[in-house]
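Just below is one structure, and these are the notes that go with it.
The values are calculated or read from the model by the stated rules, or taken from the named source; none is laboratory data. It should be emphasised that the depicted structure is a prediction, and the values quoted were computed from it without experimental measurement. Ideal geometry is used to build each Cβ from the backbone, glycine not excepted, and the neighbour counts take in all protein chains shown.
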Amino acid sequence: MDLVRFMLGGVLPYVAVVVFIVATAHRIYTWKRLAAPSMTLFPAPADDKANKKNVLKEALLFRSLFGGDRVLWGFAWVFHVVLLLIFVGHLRVFTNVDSILMTAGMSAEAIQAMSGGVGGAAGVVILVATVLLLARRLALPRVREITGAADILALLLIGAIIVTGNMMRFGAEHFDLALTREYFANLATFGGVTGQAALQNEVFMVHMVLAFLLIMVIPFSKILHFGGIFFTHELVRKH
Amino acid sequence: MSENNTKEQVVESIKAMKDGPRAMRMYMEMCVKCGTCASVCPVYYGKSEKRYNPAERTDLIRRIYRKHNTLSGRLFGRFAGAEDFDPADLEGWQGIFYECTGCRRCAMFCPFGIDHSVITRKGRALLDKLGMTPETMARVVKISLETGNTDGAGEAAFRAAIDFLEEEMEDEHGVEIKIPIDVKGADYFYVPPSGDVLVNPEATMGVAKVFHVLGMADNWTMSSKCFDGANYGLFTGNDGDMRADNKLYVDEAKELGTKVMLMGECGHAYRIMKMMMEKTAWWGELPFEIINCMQWTAERIKDGQLAFDKSKNQQPVTYHDPCNFGRSCGITEEPRVILEASCADFREMHPNRGDNWCCGGGGGLSAMDDIIDFRMEISGVKKLEQIRETGATYVSTACSNCKRQLTQLLEHHEEQIEVGGVHDMLSRAILVNGKAAERHEYV
């Protein structure tokens with residue numbers, strides 16, 4: 001049992017992060033080095049600078065999708081924005097950002113309230129968004145007929161991460177922030193993680209293992225669309 | 001060719017997509033399967049079936065790509081959406097890859113800007129390499145490469161048609177309006193689609209009248225060898241054919257010593273010349289510039305050099321943006337300038353310009369009468385609705401393929417709506433020596 005805990009808690013994170021960085025960089029590099037003749041769609045931005053601005057609009061606001069499928073735009077935009085919010089929020093789990101926030105003038109109570117309020121709401125909203133995305137995928141024929149196992153699995157994996165995350169926040173046994181920070185500090189300094197108390201929390205273990213699994217598959221899956229979007233829009237709007 | 005060779009050829013060609021161009025590779029690796037393309041596709045609108053779903057069509061090639069080029073595909077096969085190529089599927093491909101009109105509307109709304117027409121063309125290229133281009137399309141390419149035009153018309157037929165047009169114009173206006181042929185040193189070389197000489201010739205008359213009114217009748221020319229900008233190599237996915245066809249025209253322009261190649265009302269012809277040949281310098285530096293006749297005329301209208309009698313075009317007129325002019329070349333305002341100047345009741349159809357729906361005959365499909373049921377009952381359905389909503393009795397459009405599709409579509413659905421070009425309307429209303437044409441009905 002200790003070996004399993006060690007592999008999942010002490011080895012997997014390193015493997016996942018290395019695989020993610022190397023494979024993502026490789027894939028983006030292979031995209032970048034290819035010849036890219038323009039194939040302009042009009043109305044097109046007037047110059048390269050305007051084109052870059054348009055790409056940013058696409059990446060941040062999903063501009064094209066807004067015109068194409070307003071309902072999906074709503075689901076997807078909320079999903080991604082809240083995901084970003086949750087990503088930022090997790091910094092507090094890894095390390096002590098509280099002191100930075102305090103120097104910025106926030107009281108300890110205010111930080112706790114923000115974490116509980118905004119963080120808690122985010123956990124619920126993203127769960128709803130994920131369920132809606134999955135329901136849409138299964139309910140609409142035009143989406144269902146092009147859906148493969150990988151598309152469903154990606155949503156289920158994300159769903160499981162969200163559910164275990166919410167369990168830690170809303171469950172009876174609230175997880176211990178200090179222990180988690182200690183664990184990540186040890187990981188980051190290669191201090192060894194055996195005997196870390198955080199790993200005794202089963203829900204935390206499942207949540208963390210699934211999250212690192214997700215990180216590891218990203219470069220091999222469609223989830224890398226967050227990198228590709230910066231290339232593909234530029235191509236079809238380049239003058 | 002043996003089955004093994006066929007398989008190897010197709011698989012190797014799909015594997016090579018990882019080496020670019022960038023769009024090709026990224027379209028293989030990027031789709032999130034959200035279904036937005038299907039909801040904006042004219043074909044899927046006409047019939048919501050899996051085989052018409054753009055993402056599914058592209059997946060025909062993607063599955064093979066994944067099988068051979070991705071780690072997940074090699075490891076997990078079908079589970080990761082990967083499947084090997086089966087030569088038995090080719091016959092089905094012949095149908096499916098000619099059920100996309102290449103209109104690029106999907107790319108306008110895809111959250112990642114994926115342009116499925118690129119993959120449709122790849123699918124057609126694979127078929128073409130195997131000699132499996134549908135007979136109707138293969139024939140057009142062959143005729144065009146042999147005769148320089150897609151109608152297979154010879155010089156005598158061309159000259160006879162031009163003579164006829166000159167007589168018509170003299171009848172209409174009582175003055176001689178010339179259409180110069182093979183004039184070396186003329187600044188403007190007009191390259192229409194052959195349809196605008198042989199089938200719906202009013203557009204060419206319109207252009208001739210513009211030059212006449214401007215007093216430039218001696219400064220433009222047509223060519224008795226090159227009077228058809230249409231280039232079906234774009235549609236069969238054969239780059240070699242596309243370039244060979246294109247070279248005839250570029251060489252002729254150099255031979256004539258032209259300063260401006262004035263492309264006619266033909267969307268894909270202009271797109272190939274302007275957005276492909278010129279932009280990526282197929283033949284190096286060009287001694288002439290390339291513009292479209294609608295740009296040329298619209299400028300002259302804005303300058304106040306042309307005058308019209310709008311009462312000659314009383315009926316409600318709408319404009320259908322050909323995909324290759326609107327979405328792919330950004331020519332959207334010029335035809336409107338011409339139509340608003342020459343028609344009493346111009347109406348927009350919605351959506352329009354870059355967002356316009358395809359006529360249902362794009363990508364060369366318009367020339368394929370073997371799939372006419374598909375064009376009338378599936379790919380053209382949305383366009384029919386759009387036209388009906390305008391209440392117009394004349395649909396103007398700047399593309400021979402759109403014209404053919406729309407004419408058949410409206411006839412098939414028993415609508416009393418005329419179809420024609422942009423310069424056609426100009427030709428009916430433009431004042432020559434202060435008078436518009438005394439026009440007969442053309443049939």
statement: Selection over the range A:1-26 where residues are within 14 Å of chain B (Cβ to nearest Cβ) and modelled with pLDDT under 95 yields a count of 0
- prompt: For the range B:78-173, list the helices (runs of 4 or more DSSP H) that sit wholly inside it and hold at least 2 residues that are within 27 Å of residue B:372 (Cα to Cα); which are they?
  reply: B:90-96, B:105-109, B:116-129, B:135-147
Count of the range A:25-39 residues which are exposed (fewer than 12 other Cβ atoms within 10 Å of the Cβ) and within 22 Å of the chain's Cα centre (by Cα): 2
- prompt: Which numbered condition trips up residue B:355, out of (1) over 28 Å from residue A:63 (Cα atoms); (2) within 14 Å of another protein chain (Cβ to nearest Cβ); (3) at pLDDT 95 or above?
  reply: (1)
Any helices (runs of 4 or more DSSP H) falling wholly within the range B:290-390 and containing at least 2 residues that are surrounded by 21 or more Cβ atoms within 10 Å (Cβ to Cβ) and assigned by TED's automatic domain parsing to the domain that holds residue B:257: B:293-302
message: Against the definition (modelled with pLDDT of 95 or more, within 14 Å of chain A (Cβ to nearest Cβ), within 22 Å of residue B:358 (Cα to Cα) and within 20 Å of the chain's Cα centre (by Cα)), how does residue B:120 come out, yes or no?
response: yes
task: Would you please name the residue that is farthest from residue B:159 (Cα to Cα), looking only at residues in the range B:200-238 that are in contact (Cβ under 8 Å) with a residue 60 or more places away in the chain and among the acidic types (Asp, Glu)?
output: B:202
- request: Can you confirm whether the range B:57-73 contains a residue that is in contact with a Leu (Cβ under 7 Å, 6 or more places away or on another chain) and facing chain A (nearest Cβ under 8 Å)?
  value: no
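One line per residue, one yes/no per condition, for (1) in contact with a Cys (Cβ under 9 Å, 6 or more places away or on another chain); (2) crowded, with 18+ Cβ neighbours inside 10 Å; (3) under 20 Å from residue A:79 (Cα atoms):
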residue: A:157; (1), (2), (3): no, no, yes
residue: A:160; (1), (2), (3): no, no, yes
residue: A:163; (1), (2), (3): no, no, yes
residue: A:177; (1), (2), (3): no, no, no
residue: A:183; (1), (2), (3): no, yes, no
residue: A:197; (1), (2), (3): no, no, no
residue: A:203; (1), (2), (3): no, no, no
residue: A:226; (1), (2), (3): no, no, yes
residue: A:232; (1), (2), (3): yes, yes, no
task: Kindly list the number of the only condition in (1) out of contact with any Leu (no Cβ under 6 Å at 6 or more places or on another chain); (2) of a type in the set (Lys, Arg); (3) closer than 18 Å to residue B:402 by Cβ that fails for residue B:310.
output: (3)
- request: Determine, yes or no, whether residue B:27 is modelled with pLDDT of 95 or more, farther than 23 Å from residue B:382 by Cβ and within 10 Å of chain A (Cβ to nearest Cβ).
  value: yes
query: residue B:260 passes all but one of (1) of a type in the set (Val, Ile, Thr); (2) within 25 Å of residue B:366 (Cβ to Cβ); (3) over 16 Å from the mean Cα position of the chain (by Cα); which number fails?
result: (2)
Every residue from the range A:15-65 that is β-branched (Val, Ile, Thr), assigned to a helix (DSSP H, G or I) and closer than 13 Å to residue A:235 by Cα: A:55
task: Answer with yes or no whether residue B:311 is among the hydroxyl-bearing types (Ser, Thr, Tyr), under 29 Å from residue B:433 (Cα atoms) and more than 14 Å from every other protein chain (Cβ to nearest Cβ).
output: yes
